[in-house]
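For reference, the structure is listed below as structure tokens.
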Amino acid sequence: MKNLKLVLSLTLILTLLAVVRCSKSSDPAPSLVKVSGNVTYTNAAGTSAVASGAVIYLANATDTVSTTSDKNGAYHFLNVKVGDYTLTGKYNTTNTNASGRLDGLTFTTLTPVAITVAAVDLSKDVSLTSAGQSGIVAINLNYVWDAVNSKYNQPTLAVGVWNYDNAHSPVTFEFPYRANEGTFIGSFAQTSKCVVAFDPNNLGTSSIDVEVDLASVDTRTPGGRDNLLSSMDNPIWSPLSVFTKLGCISGTFGIAADAALPSTITTNTKRYAQYKSTSIAKLGDGFVAKGNLIFNGKTVATDLWFKGVPEWKDAPIAGGGTANGRTYAGFEGIFKIKANADFSIVSGSVNDATVTIHVTIVAYRL
């Protein structure tokens, strides 16, 4: 029995020695290093800004890993083997653009950044840029109130002529109620002017001029927030509409009747909010319009971020339904304002909250 134990012990020792010798001679520990750097993007002002929450990808011929930059825009890959890699990245301005709505614009590396990892830590900054948006058609719209004929004009429905679809082009707003709780939302039923000349291949001559009738506010809230009309003699929310009641939201906007109700609001200059661009350029995977927002008697420089909706043709849905045969396209945009600080809106409901405005423009042609 003692001889058997001795033989087993010697066998185990020899096996361990062989394993140690093999691991030292043929399996050297790989060199593992750190790849890190800072991520920036070029913002709407044309300056470099920190891309907090950007996703950075590190790839070689067989594998891809990713990491997210911190609040300072710094990224880190640990335990990277030596070899050749590429770095790519993307950054969304809100990091929440997972829905159908435009929540932000995305900046990317236009081409992968090639790096070689040696046996020392590597520092490589990544700069993300604007690629713009492809596949967007040129659109011209001319929708304006016709004071002579008391109606909103539209081009004659003809093949190739773009028309503004007011009914499906809401302008909505949202803000935290009293700057703290919940989300208060509303919309405007009537865009009183929509004059657009947009050509993605000639942004230098493109322009946007949109005016919203604030009297058409709709918060879908009972209790006196919204305005009421006295008759349907004129188009709903036309400049000549007669109102039997002005809700509290109109007072917030500074809108008052011309005389004792029922009355019009034809002389009140605060009834309309207008955005007029001064330039349009690529930004992220979309565009930015720089311009002025006129609201509550104030004019403030405001950036409107937007993306185009590619052309699509109305067709019957599966299993039935009807189609109008029209071709549709349009835009979806977003901008933010400080209602009190920028436009002197004094309201306990808003306080000093930031108000987010979503703008939708739907166009169609035959």
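The values are calculated or read from the model by the stated rules, or taken from the named source; none is laboratory data. What you are looking at is a predicted structure, and each value in this text was computed from that prediction instead of being measured. All Cβ positions, even for glycine, are placed from backbone atoms using ideal geometry, and neighbour counts span all protein chains on display.
Go over the candidates Asp63, Asp70, Asp125 one by one and state the one that is exposed (fewer than 12 other Cβ atoms within 10 Å of the Cβ) and of a type in the set (D, E, K, R). Don't jump to the end; show me each part of the working.
On the way: Asp70 fails: exposed (fewer than 12 other Cβ atoms within 10 Å of the Cβ); Asp125 fails: exposed (fewer than 12 other Cβ atoms within 10 Å of the Cβ).
None of the other options fit; the residue is Asp63.
Quick one: Ser150 ticks every box in (1) surrounded by fewer than 19 Cβ atoms within 10 Å (Cβ to Cβ); (2) among the hydroxyl-bearing types (Ser, Thr, Tyr); (3) not assigned by TED's automatic domain parsing to the domain that holds Asp209 except a single one, so which number is it? Of (1) surrounded by fewer than 19 Cβ atoms within 10 Å (Cβ to Cβ); (2) among the hydroxyl-bearing types (Ser, Thr, Tyr); (3) not assigned by TED's automatic domain parsing to the domain that holds Asp209, only one is false for Ser150: (3).
Considering only residues that are charged (D, E, K, R) and assigned to a strand (DSSP E or B), look in the stretch 264-282 and name the one that is surrounded by the fewest Cβ atoms within 10 Å (Cβ to Cβ). Write out each step before concluding.
Residues of the stretch 264-282 charged (D, E, K, R): 270-271, 276, 282.
Those left that are additionally assigned to a strand (DSSP E or B): 276, 282.
Working: Lys276: 18, Lys282: 16.
Only one residue tops the list, namely Lys282.
For the stretch 62-179, the strands (runs of 3 or more DSSP E) that sit wholly inside it and include 2 or more residues that are touching a residue at least 40 places away in the same chain (Cβ under 8 Å), within 30 Å of Lys282 (Cα to Cα) and of a type in the set (Ser, Thr, Tyr) are 83-92, 106-108.
Would it be correct to say that Thr183 is within 21 Å of Ser349 (Cβ to Cβ) and exposed (fewer than 14 other Cβ atoms within 10 Å of the Cβ)? When the stated conditions are applied, Thr183 passes them. Residues in the stretch 283-323 that are in contact (Cβ under 8 Å) with a residue 12 or more places away in the chain and either assigned to a loop (DSSP other than H, G, I, E, B) or touching a His at 6+ places or on another chain (Cβ under 8 Å) (or both): Gly284, Asp285, Asn296, Gly297, Asp314. The residues on offer are Leu203, Leu261, and the sole one that is of a type outside the set (Ser, Thr, Tyr) and surrounded by 15 or more Cβ atoms within 10 Å (Cβ to Cβ) is Leu203.
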